[in-house]
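For reference, the structure discussed in these notes is given below.
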Amino acid sequence: MIYATIDIGSTWTKGASFRLVGDRVRLERRAARPTTVANLSDAFFGVLSEIVAGDPLDQLRGGELRLRYSSSAKGGLAVAAIGLVPDVTLEIGKLAAQSAGARLSQVFSYRLTASDVAQLEKRQPDIVLLAGGTDGGNSDYVLANAAALAASRLDCDFVYAGNREVADEVAALLAGKRLKVVPNLLPDFNEPNPDPARDAIRSIFLDAIVKGKGLDVIMDATGSEPVPTPFAVLEYTRTIRELVPGWSEFLLLDMGGATTDVYSAHLDTPSSGVIRRGLPEPTVKRTVEGDLGMRVSAQAVCELGDTTLAATLEAHNVSKADLAAYAARVTAHPDSIPTGTEERRLDTLLAGLCVGHAVARHVGRMTSVYTPEGEVLVQTGRDLSKLPKVVGSGGWLAKAEGFSPGAWFDGHLIDQRGRSVLAPRNFAYYRDADYLFPLLANLARDIPAAAARAGIDFLVAQETRSEHATA
Amino acid sequence: MSETNVILGVIGSDCHAVGNKIIDTVLTGEGFRVTNLGVMVSQDEFIDAAIEVGAGAILVSSIYGHGEIDCAGFRGRCIERGLEDIVLYVGGNLVIGKRDFSEVETLFKDMGYDRVFPPTVDIKSVAQSLRQDIAARQ
Ligand code: B12
């Protein structure tokens with residue numbers, strides 16, 4: 001049996017074929033072509049014919065070939081999340097959207113104002129996720145927000161994942177819109193339930209990317225559906241955690257031109273002397289940063305208004321103007337490759353800033369509180385400080401041999417509120433040198449154990465980092 | 001706002017966990033839907049939970065003797081964040097040293113708490129007044 005897997009990215013359509021030998025997979029062929037935006041099926045079938053000998057469609061029908069594919073069209077759909085309290089239902093809404101593979105374009109809490117609605121109309125998100133209230137809890141805010149959305153000019157998909165007691169009323173209010181009602185993402189205060197909202201967003205995402213652009217042609221010819229790439233990678237992270245010995249705890253960085261995605265597999269266990277606050281953390285988590293990226297988002301990186309940026313520029317003896325000028329150049333020419341030492345230095349600086357900030361936002365915080373009994377530690381979010389392994393993927397990190405992310409994580413030891421940033425400190429760093437993770441993620445849907453094993457086997461080990469050795 | 005949804009927690013840096021679990025068990029048995037935030041709960045965490053759950057009351061415990069500092073300003077914060085009608089109870093070892101309970105009661109009522117309880121209170125009787133107080137606010 002031959003397994004073919006293809007990932008349709010925004011600039012490249014990449015594919016690979018594998019053969020299952022015992023319980024291992026062997027890489028057979030690889031190919032990549034520029035994505036044909038007008039009709040995605042052109043590049044897709046071009047790549048397919050390169051990675052499969054003979055007639056692939058014939059072999060698919062005969063059952064000798066298995067095909068899986070993913071698409072990251074538009075860099076993921078833009079989701080606007082509306083919750084009630086920022087740290088509660090809005091936070092779970094953000095998690096649901098990010099784990100579905102979407103990009104958060106806007107967030108709102110409490111009651112939508114007229115100017116909030118105007119902002120939504122201006123940005124035109126693909127999906128609006130509306131939540132708020134536990135089941136049987138507050139209903140005033142979601143009803144008011146549903147009425148405001150109903151009266152708006154927004155023409156997009158809506159997902160309601162709030163207090164189920166008023167789900168029918170919300171449905172009646174939004175009768176003129178395309179609405180999916182799913183179970184509440186916070187049915188009970190201490191038990192978040194983001195999965196139904198996440199599945200709804202993912203299925204809307206699929207319907208949207210399939211429409212036009214030639215994906216329907218691919219579906220008809222191959223008889224299978226695509227999945228959103230970030231969703232496939234999140235599930236792949238889970239598969240590796242579950243099936244590869246020694247890999248139950250790791251972090252995966254996927255940095256592209258427009259976004260930096262961070263995935264982590266980690267089970268937060270209670271430790272003595274530490275009190276946990278905030279929502280419970282999922283074991284496998286994805287966050288995506290739309291303002292951190294190497295090309296399309298390079299200028300936004302220079303606008304990060306915090307002390308870390310200033311300190312980094314000073315430490316590297318680079319002026320903000322020089323970095324901004326470079327960012328403007330690469331944003332205008334997203335396929336540019338740095339030439340000369342100076343450009344390479346600036347490119348690495350951009351990458352380091354993206355990686356450092358994205359990880360700092362992904363991980364939790366620890367702060368100490370003095371009580372009459374002495375010091376007590378209070379933790380919010382996930383503690384990845386003891387995570388043993390970090391993987392770098394995505395075009396830039398795949399090729400960056402000498403790059404060491406640890407130094408960039410350490411630009412964020414303490415945040416602006418004086419809390420410790422719980423980023424990995426002593427870890428082994430691995431590079432997905434052939435950028436196979438998205439392709440293997442597709443494969444994992446058919447042969448999870450072999451695909452997970454292969455992803456790890458193909459990694460190139462970089463330096464192992466110990467905090468004290470570098471200090 | 002719901003008649004049976006209530007928020008429970010121990011305020012400030014207070015780690016005393018036993019009484020909190022007892023109150024949760026008794027009130028749940030009395031038919032309340034208790035959202036228990038456990039120990040070391042900040043004022044804002046109480047309020048966040050009360051908003052989402054649509055709670056009718058917040059029950060604050062303070063056991064370790066710093067109640068006077070931790071509990072101050074809570075009513076104002078509730079009003080500021082849109083919970084003007086919520087019922088507020090406070091109980092535990094609210095102050096340090098031997099002070100007359102009526103004095104302690106006045107102190108906390110002035111802060112805006114509707115009822116103030118000593119550690120010896122019977123939680124079943126608290127359930128009864130809780131039902132009445134929430135109903136009166138609706
Ligand atoms: C066990 C204990 C501890 C344990 C707690 C373990 C844990 N995680 O739960 C440990 C050793 C950690 C501890 C630490 C401290 N403790 Co201590 N501790 C006790 C002890 C012995 C028992 C507490 C208990 O569980 N009681 C049983 C439960 C069922 O009762 P309860 O907590 O009072 O709760 C009931 C009522 O108060 C009421 N209630 C409580 N809240 C509310 C709210 C409402 C709305 C209502 C209606 C009712 C209500 O209902 C509850 C159920 O019946 C008490 C002494 C005592 N006998 O009470 C001291 C005591 C509470 N501790 C005390 C002190 C001072 C401390 C420390 C500051 C000591 C120090 N210097 O380090 C630290 C503080 C730590 C912190 N940050 O919180 C003092 C408090 C003094 C005061 N308030 O005037 C006490 C009273 C001892 C004393 N006599 O000095 N403590």
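Computed from the coordinates by the stated procedures, all read-outs in this text should not be read as laboratory data. Since this is a predicted model, take the numbers as computed values, not measurements. Virtual Cβ from ideal backbone geometry, glycine too; neighbours counted across all protein chains shown.
Summary table
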| item | result |
| --- | --- |
| Three semi-axes of the equivalent ellipsoid, segment A:327-471, Cα gyration tensor, whole Å, largest first | 31, 23, 14 |
| Estimated dipole of the protein assembly as shown in Debye, rounded to 20 [Cβ of Lys and Arg +1, of Asp and Glu -1, Cα centre] | 1200 debye |
| Residues whose placed amide H lies under 5 Å from that of A:ARG276, excluding near-sequence neighbours | A:GLN379 |
| Under Karplus coefficients 6.51, -1.76 and 1.60, residue-wise ³J(HN,Hα) of segment B:11-19 in Hz, glycine/proline x | 7, x, 9, 7, 9, 5, 9, 6, x |
| Residues whose placed amide H lies under 5 Å from that of A:ALA428, excluding near-sequence neighbours | A:LYS389, A:VAL390, A:ARG465 |
| Whole-angstrom Cα spans of segment A:281-395 along principal axes, big to small | 58, 31, 22 |
| Difference of contour (0.36 nm per residue) and Cα-Cα distance, A:THR367 to A:ARG29 | 116.6 nm |
| Three-way shape label, chain A, alpha-carbon gyration tensor, a/c 1.5 | rounded |
| At q = 0.14 Å⁻¹, base-10 log of I(q)/I(0) for segment A:102-257 (Debye sum, equal scatterers on each alpha carbon) | -0.85 |
| Rounded FRET efficiency, nearest 0.05, which uses the C-beta distance separating A:GLU225 from B:GLN132 and R0 of 60 Å | 0.55 |
| Average partner coverage of B:27-38, which counts Cβ from other chains inside 10 Å | 2 |
| Assigned charges on the beta-carbon of Lys, Arg, Asp, Glu; segment A:299-452 dipole about Cα centre (debye) | 280 debye |
| Global form of chain B, assessed from the alpha-carbon gyration tensor, a/c cut-off 1.5 | rounded |
| Extension gain (nm, one decimal) between A:ILE337 and A:ALA114, 0.36 nm per residue minus Cα-Cα | 75.8 nm |
| Tensor-based shape of segment A:230-465 (alpha-carbon gyration tensor, a/c under 1.5 rounded, otherwise prolate or oblate) | oblate |
| In Hz, Karplus ³J(HN,Hα) per residue of segment A:172-188 (6.51, -1.76, 1.60; θ = phi - 60°; x = Gly, Pro) | 5, 4, 9, 4, x, 10, 7, 10, 10, 9, 10, x, 4, 6, 9, x, 9 |
| Sparse-neighbour loop sites [GluC sites (Glu not before Pro); segment A:43-103; at most 13 other C-beta within 10 Å; DSSP] | A:GLU64 |
| Full-stretch length increase - A:THR283, A:ASP58 - with 0.36 nm per residue and alpha-carbon distance subtracted | 76.9 nm |
| Candidate lysines for bridging to A:LYS211, where Cα separation is under 30 Å - those fewer than 8 sequence places away on the same chain excluded | A:LYS14, A:LYS74, A:LYS94, A:LYS122, A:LYS177, A:LYS180, A:LYS285 |
| Chain A: calculated mean residue ellipticity at 222 nm from DSSP helix runs of at least 4, using -39500 (n - 2.57) | -11000 deg cm²/dmol |
